[in-house]
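The values are calculated or read from the model by the stated rules, or taken from the named source; none is laboratory data. No experiment lies behind these values; they were computed from the predicted model shown. Neighbour counts run over all protein chains shown; Cβ positions are idealised from the backbone, glycine included. The accessibility values were calculated without ligands, DNA or RNA, using every heavy atom of the protein model including side chains. Shrake-Rupley method; radii C 1.70, N 1.55, O 1.52, S 1.80 Å.
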Amino acid sequence: MPVYFVSDIHLKPERPDLTRAFSYFLEHTATDATQLYLLGDIFEAWIGDDCPTPGLDDLLQQLKTLSDKGCEIFFQHGNRDFLVGEQFCQSIGAKLLPEELVLPLPIGNAVVLHGDQLCTDDTEYMQFRALVRNPQWQQDFLSKSLEERLAIARQLRDTSKQRTTEKSDYITDVNADAVKQSFADNKVSLMIHGHTHRPAVHEVELASESATRIVLGDWDTLGWYLKVDQDGYDLISFEIE
């Protein structure tokens, strides 16, 4: 039975087409899934499990229904939804994952991560990442009112978009040495991640072997998912209408 991976859907009220596309994926594609991995940035922003999710209630119920039918669902933090907590995961029947882990898959062990931690050339972002992943910062943020959190999140998002447009492509992509180090640390030859919005399958030459890095795509005009089973893997795209 297949295992599915998605990331970078960036669900938000302004894009109901993304909600419909993910709903279609859950209802018509992932019906045979034994496991579904949500590898971060499933939401455009997340300011706490106590914040309403306008327009997403039916979709979240679909995830819970899929879980109730026996599909294991796993959620991994991205750079947009790193504040997703246990309360939300329990509501959809999912398990919250660490930011990097090794999975046993039908095609071998793979290290799975959102991917932003590999973009070490972007020193400004890495400093920001260290700040917002700090438990004290998160506790202080979540103690604020919803209105305050919304305002802060909006400001952070606008600043991030502006600065990203000013950076070279290589800065916002993964660092080759960071990729090789992750392979070495985890003792695997397969990596699955998202974040960069550059879907592709890369062959990586390590010291003693070759390895494969599969990059999931972001959902915009196309939706992307990875399907893994005993016969291999397929990185698949489809049109979003």
Discussion item. Once you keep just the Cα pairs under 8 angstrom separated by 6 or more residues, what percentage relative contact order results for the chain?
Written reply: 23
Fill in: Qualifying trypsin sites (Lys or Arg not before Pro) for the range 112-161 [loop in DSSP, other Cβ within 10 Å: at most 16]
R133, K144
Worksheet item: With every protein chain present, what is the per residue accessible area of the range 26-159 (1.4 Å probe, Å²)?
Response: 47
Worksheet item: What is the distance in Å between the Cα centres of the range 196-241 and the range 23-58?
Response: 19
Worksheet item: Residue by residue through the range 72-79, which ³J(HN,Hα) values in whole Hz follow from phi under the Karplus form 6.51 cos²θ - 1.76 cosθ + 1.60 (θ = phi - 60°), with glycine and proline marked x?
Response: 7, 10, 10, 10, 10, 5, x, 7
Worksheet, complete the sentence: With 0.36 nm assigned to each residue of separation and the Cα-Cα distance removed, S160 to Q181 gains 4.9 nm
Item to complete: At q = 0.11, 0.15, 0.16 Å⁻¹, work out log10 I(q)/I(0) for the chain with the Debye formula, treating every Cα as an identical point scatterer and leaving solvent out; two decimals please.
Response: -0.57, -1.10, -1.26
Item to complete: Could you pull out the GluC sites (Glu not before Pro) across the range 147-191 that fall in loop regions by DSSP (anything but H, G, I, E, B) with no more than 15 other Cβ atoms inside 10 Å?
Response: E166
Worksheet item: Within the chain, how many lysine pairs that are 8 or more places apart, or on different chains, have C-alpha atoms less than 22 Å apart?
Response: 8
Discussion item. Can you give me the % of accessible surface on the range 181-241 that is carbon or sulfur? Probe 1.4 Å, all protein chains present, nothing else counted.
Written reply: 42
Worksheet item: How far is it, in nm, from the label point at E203 to the one at I152 when both lie 7 Å from their Cα along the line to the Cβ?
Response: 4.8
Response to the item:
Carbon plus sulfur, as percent of the 1.4 Å-probe accessible area of the range 7-150, comes to 51
Worksheet item: Can you give the relative contact order of the range 54-159 as a percent, counting alpha carbon pairs under 8 Å and 6+ residues apart?
Response: 18
